[in-house]
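Colleague: Below: one structure in structure tokens.
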Amino acid sequence: MKPVWKFVVLPLFATLSACQAPTGPGAAPRQVRSSGYGSVTVYPDYAELTVDAEFTRPKLKDAVAEVQAVVDQVLAVSRRYAPGPNEVRVSSTSSNKEFDYVRGKEVFLGFNSSQSVTVRVNDLRRLSPFLEELLATRISRIKDLGYGHSRADSLHREAAALALTDAIKTADKMCAALHVRRGAVLEASDGTGPESSDSGWDRPRTNIQLYSKGFGGRGFKTSPELLRFASTCSLTSALE
């Protein structure tokens, strides 16, 4: 018996209609997409830094006692320049054995003990005399000296509002060039993520290593630069 072949013929208009853009009441509206940028520049109103005290001695108790004596000095100075309840923070004491390699052999140097004090100075006019008094103590280093603003969240929101306004103006210019009218806003999003570099801190922060009261590195500055809070915005609008 010969095989029987069956053919199915689909209407051509059904295939063509599936490829056409919908034009009925449920069709997506014509859209225009734009982006905007906004920034706010301000002078910082506080500084923050961390002070380290670190010593290595043959006996652990001697290293801990020496660190504690220096930390007590740092706290006495810091609380005069940063009197607020949350402006001075003290870390726990860390102690470890310290070794070095001499002629290829590991040599025990003693017990190392360290502790840090982080200070926020809200009056920048007092920063220089504060650093001078710190340097008069036997601290090991000053690190992470940076500047910020107490209204950082509000300034970020202000920058975001400026970015939205800029995106709207850009969309209006595009519509004017196309001789169409911009309709309702369909979507708006803040494109500034938490990893943005414009977070209101003067970067890079300064680290000061002290060697017998000499400075290690390139020195440091006590006059902050202006801070910039930046934001971006994406906008989608309908076309009338």
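Colleague: Residue pairs, Cβ under 9 Å, 6 or more apart or interchain, first in the range 125-137 and in a helix (DSSP H, G or I), second β-branched (V, I, T) and modelled with pLDDT under 95. List them.
Modeller: L127/T222; S128/T222; L131/I142; L131/I208; L131/T222; L134/I142; L135/I142; L135/I208
Colleague: Let me ask something else. Which residues, counting only those in the range 49-98, are surrounded by fewer than 17 Cβ atoms within 10 Å (Cβ to Cβ) and within 28 Å of the chain's Cα centre (by Cα)?
Modeller: L75, R79, P83, G84, P85, N86, R89, V90, S91, S92, T93, S94
Colleague: Sort out which residues of the range 90-124 are in a strand (DSSP E or B), more than 17 Å from E54 (Cα to Cα) and touching a residue at least 12 places away in the same chain (Cβ under 8 Å), and write them in order of number.
Modeller: Answer for the range 90-124, where residues must be in a strand (DSSP E or B), more than 17 Å from E54 (Cα to Cα) and touching a residue at least 12 places away in the same chain (Cβ under 8 Å): V119, R120, V121.
Colleague: Restricted to the range 138-161, and to residues that are of a type in the set (D, E) and in contact (Cβ under 8 Å) with a residue 40 or more places away in the chain, which residue is nearest to A65 (Cα to Cα)?
Modeller: The selected residue is D144.
Colleague: Right, here's the next one. If I filter the range 50-61 for residues that are farther than 30 Å from L127 by Cβ, hydrophobic (A, V, I, L, M, F, W, C) and in a helix (DSSP H, G or I), do I get at least one hit?
Modeller: Checking the range 50-61: at least one residue is farther than 30 Å from L127 by Cβ, hydrophobic (A, V, I, L, M, F, W, C) and in a helix (DSSP H, G or I).
The values are calculated or read from the model by the stated rules, or taken from the named source; none is laboratory data. A quick note: this is a predicted structure, and the numbers were derived from the prediction, not measured. FYI the Cβ positions are ideal-geometry reconstructions off the backbone, even for glycines, and counts take in every protein chain you see.
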